[in-house]
1. For residue 241, all conditions in the list (1) within 17 Å of the chain's Cα centre (by Cα); (2) under 23 Å from residue 164 (Cβ atoms); (3) crowded, with 17+ Cβ neighbours inside 10 Å hold save one; what is the number of the exception?
2. Can you pull out every residue in the stretch 295-326 that is free of Cβ contacts under 8 Å to residues at least 60 places away in the same chain and under 21 Å from the mean Cα position of the chain (by Cα)?
3. Could you tell me how many of the residues in the stretch 155-199 are modelled with pLDDT under 75, farther than 30 Å from residue 320 by Cβ and out of contact with any helix residue (DSSP H, G or I) (no Cβ under 7 Å at 6 or more places or on another chain)?
4. Which count do you get for residues in the stretch 252-268 that are in a strand (DSSP E or B) and within 18 Å of residue 340 (Cβ to Cβ)?
5. I'd like to verify a number: residues in the stretch 308-331 that are within 12 Å of residue 274 (Cβ to Cβ) and assigned to a strand (DSSP E or B), how many?
6. Residue 249 fails exactly one of the following numbered conditions: (1) surrounded by fewer than 17 Cβ atoms within 10 Å (Cβ to Cβ); (2) modelled with pLDDT of 70 or more; (3) not in a loop (DSSP other than H, G, I, E, B). What is the number of that condition?
7. Pairs, please: C-beta under 6 Å, at least 6 apart or cross-chain, first residue assigned by TED's automatic domain parsing to the domain that holds residue 146 and within 18 Å of residue 178 (Cα to Cα) and in the stretch 11-38, second modelled with pLDDT under 75 and not in a helix (DSSP H, G or I)?
């Protein structure tokens, strides 16, 4: 489904609804692809953990090999120094020295008297080689998974970018026409009122055509897609506690409901993040933003649909997306998937 852009002005409300319907359809169509992307991402985390664990085992084997080699060397030195005493004297006979030479005779004695030490050293070396082979195999598989992840990411973002370009172009044109209509209506009443209305519209900071349901709107004001990834594995053994809404870089991110800005911040994992404390008592966390809306500050009052930032991949993010956290009533984190389904589709 591809929405044709009007050649001239006069974008209608029905065309805006059609643009929103196209984005909703793309959202739904890409959900399965996003699930597959999530599966590949989960496999990547598994590879990382397995490789890290085996590399730790290899370090341990290297330490054991070094200790076993040191023990073998110490025993050989000790037997060499005390060559005329005890078992070593019996093991190294004049006949063997005459027949084999001093060095070989001593080495044979070491082997005969310290078979366990030598065997342990050989076992550790073989085991270490096998562990190294496992790591190399896992690294190759990880590289294949990374290539698949890149390919799937590119495909999804290409579709979202194309749809978002159409969406934003249409709404930009509609916004211009709305400003003209408001200006004409105001001019019919009073020229001064028309100028004030135009200035207010220019400074409103609200996303175009925001659709609200019970005083709330979709967090992403543009083409996007998402699937239910609550509880999915994340790096470091963590579990996902939010909703990842994938969208093109720079897509406007808006306040879900009327409320206040709280704690714009930077975090190594979430990147540029910000909270909105809604009038309902719900708290929304927005992460991985490319940047904040101009003039945003802690404690600022925002309205439903007001732009608070732009989609990005700051922090620990493989692709541009909004990580949305939701705390109903300000309590513990809950899965926001069904809420965004109701508001975004």
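The values are calculated or read from the model by the stated rules, or taken from the named source; none is laboratory data. No experiment lies behind these values; they were computed from the predicted model shown. Neighbour counts are summed over all protein chains in view; Cβ atoms, including those assigned to glycine, are modelled from backbone coordinates with ideal geometry.
1. Going through the list (1) within 17 Å of the chain's Cα centre (by Cα); (2) under 23 Å from residue 164 (Cβ atoms); (3) crowded, with 17+ Cβ neighbours inside 10 Å, residue 241 breaks only (2).
2. If the condition is that a residue be free of Cβ contacts under 8 Å to residues at least 60 places away in the same chain and under 21 Å from the mean Cα position of the chain (by Cα), then 309, 314, 315, 317 are the ones that fit.
3. 11
4. Taking the stretch 252-268 and keeping what is in a strand (DSSP E or B), we get 252-254, 257, 259-267.
Those left that are additionally within 18 Å of residue 340 (Cβ to Cβ): 252-254, 257, 259.
Selection size over the stretch 252-268: 5.
5. Here is the first cut: in the stretch 308-331, the residues within 12 Å of residue 274 (Cβ to Cβ) are 308-310, 314, 322-325.
Next cut, assigned to a strand (DSSP E or B) only: 308-310, 322-325.
Going through the stretch 308-331 one residue at a time, the tally reaches 7.
6. (3)
7. Qualifying pairs under 6 Å: 16/209; 18/3; 19/3.
Quick grid of which residues meet (1) over 52 Å from the mean Cα position of the chain (by Cα); (2) part of a helix (DSSP H, G or I); (3) within 30 Å of residue 227 (Cβ to Cβ); (4) modelled with pLDDT of 70 or more:
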residue	(1), (2), (3), (4)
22	no, yes, yes, yes
25	no, yes, yes, yes
28	no, yes, yes, yes
57	no, yes, no, yes
74	no, yes, no, yes
88	yes, yes, no, no
96	yes, yes, no, no
